[in-house]
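Structure, as structure tokens:
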Amino acid sequence: MTVPSVPRRAVEDDYVLYRRIPDFGHKDLMVFNNETGNWRPSSAAYVFDADGCSVYCREFLDADRLSWRDLPMKPVSILFELTASQIRSKFPDVVHSPYPEGHFADRPHEASHCSVLRGDVGDNAVRKRLKALFSMGRFTNFDAATGQVTESVSNDSGPAASA
């Protein structure tokens, strides 16, 4: 099966972007905030590589008749969501970056893939900016107060999924 080439689309400010945290129990990916009594993602949950930090756009999933439940998930996976404008308040931009034709042909959600661009933001500034972002966003399927997954989905067959 070949996935047709996906045209790049504009990521509007009010679009919701999902970041997958593969294992909420992993001590490096989630942090308990003693001041608020809630869990939050750590900066390690948002890894920037040469292309940026991978996220998925809810509106692009919706347009393809998919949802967050179609993203690669395991029972211990959770999603953190922010709007594009929230991300742009701390980082240069977020752009639509679907995988090329044929890449992950069995994973139609890849047409909704976007990248948060780091620009020339240094490592320490990235961590500070991410911490500020975490106070703006919310979890899709996780209760930050109880530390419990509220809806478990298991559909990830391998390590290929990154966001």
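The values are calculated or read from the model by the stated rules, or taken from the named source; none is laboratory data. On a predicted model such as this, the values are computed, not experimentally measured, just so you know. Cβ sites come from the backbone with ideal geometry, for glycine too, and all protein chains shown count toward neighbours.
Criterion first (hydrophobic (A, V, I, L, M, F, W, C) and modelled with pLDDT of 90 or more) does Val95 satisfy it?
Considered against the rule, which asks whether it is hydrophobic (A, V, I, L, M, F, W, C) and modelled with pLDDT of 90 or more, Val95 comes out as yes.
Please go through (1) at positive phi; (2) part of a strand (DSSP E or B); (3) not hydroxyl-bearing (Ser, Thr, Tyr) for Phe32 and return the number of the only condition it doesn't satisfy.
(1)
Does any residue in segment 76-95 that is over 14 Å from Phe134 (Cβ atoms) come within less than 8 Å, Cβ to Cβ, of a residue that is among the charged types (D, E, K, R) and not in a loop (DSSP other than H, G, I, E, B) six or more places away or on a different chain, and which pairs are these?
Partner pairs satisfying both residue conditions: Ser77/Arg20; Val94/Arg88.
Consider Ala45 carefully, then state whether it is under 23 Å from Asp120 (Cβ atoms), of a type in the set (Gly, Ala, Ser), surrounded by 17 or more Cβ atoms within 10 Å (Cβ to Cβ) and without any contact (Cβ under 8 Å) to a residue 60 or more places away in the chain. Let's see the steps before the verdict.
Working: under 23 Å from Asp120 (Cβ atoms): yes; of a type in the set (Gly, Ala, Ser): yes; surrounded by 17 or more Cβ atoms within 10 Å (Cβ to Cβ): yes; without any contact (Cβ under 8 Å) to a residue 60 or more places away in the chain: yes.
Considered against the rule, which asks whether it is under 23 Å from Asp120 (Cβ atoms), of a type in the set (Gly, Ala, Ser), surrounded by 17 or more Cβ atoms within 10 Å (Cβ to Cβ) and without any contact (Cβ under 8 Å) to a residue 60 or more places away in the chain, Ala45 comes out as yes.
Give me the residue from segment 34-67 that is in contact with a strand residue (DSSP E or B) (Cβ under 6 Å, 6 or more places away or on another chain) and either among the hydrophobic types (A, V, I, L, M, F, W, C) or modelled with pLDDT under 85 (or both) and, out of that set, farthest from Arg88 (Cα to Cα). Working first, answer last.
As a first pass, look at segment 34-67 and keep what is in contact with a strand residue (DSSP E or B) (Cβ under 6 Å, 6 or more places away or on another chain): 39-42, 45-46, 51-53, 55-58.
Subset that is either among the hydrophobic types (A, V, I, L, M, F, W, C) or modelled with pLDDT under 85 (or both): 39, 45, 51, 53, 55, 57.
Values: Trp39: 23, Ala45: 18, Asp51: 16, Cys53: 13, Val55: 13, Cys57: 14 Å.
Filtering first and then ranking leaves Trp39.
On the basis of being among the charged types (D, E, K, R), assigned to a loop (DSSP other than H, G, I, E, B), buried (at least 16 other Cβ atoms within 10 Å of the Cβ) and at pLDDT below 90, does Arg20 make the cut? Talk me through it step by step, then tell me what you get.
Working: among the charged types (D, E, K, R): yes; assigned to a loop (DSSP other than H, G, I, E, B): no; buried (at least 16 other Cβ atoms within 10 Å of the Cβ): yes; at pLDDT below 90: yes.
No; evaluated as a whole, the condition is false for this residue.
So, in segment 113-125, exactly how many residues are more than 15 Å from Asp51 (Cα to Cα), at pLDDT 90 or above and either within 18 Å of the chain's Cα centre (by Cα) or of a type in the set (D, E, K, R) (or both)?
Total satisfying the criteria: 0.
So, in segment 64-83, of the ones that are out of contact with any helix residue (DSSP H, G or I) (no Cβ under 9 Å at 6 or more places or on another chain) and polar (S, T, N, Q), which residue ends up surrounded by the fewest Cβ atoms within 10 Å (Cβ to Cβ)?
Thr83
In segment 32-43, which residues are in contact with a helix residue (DSSP H, G or I) (Cβ under 9 Å, 6 or more places away or on another chain) and of a type outside the set (S, T, N, Q)?
Arg40, Pro41
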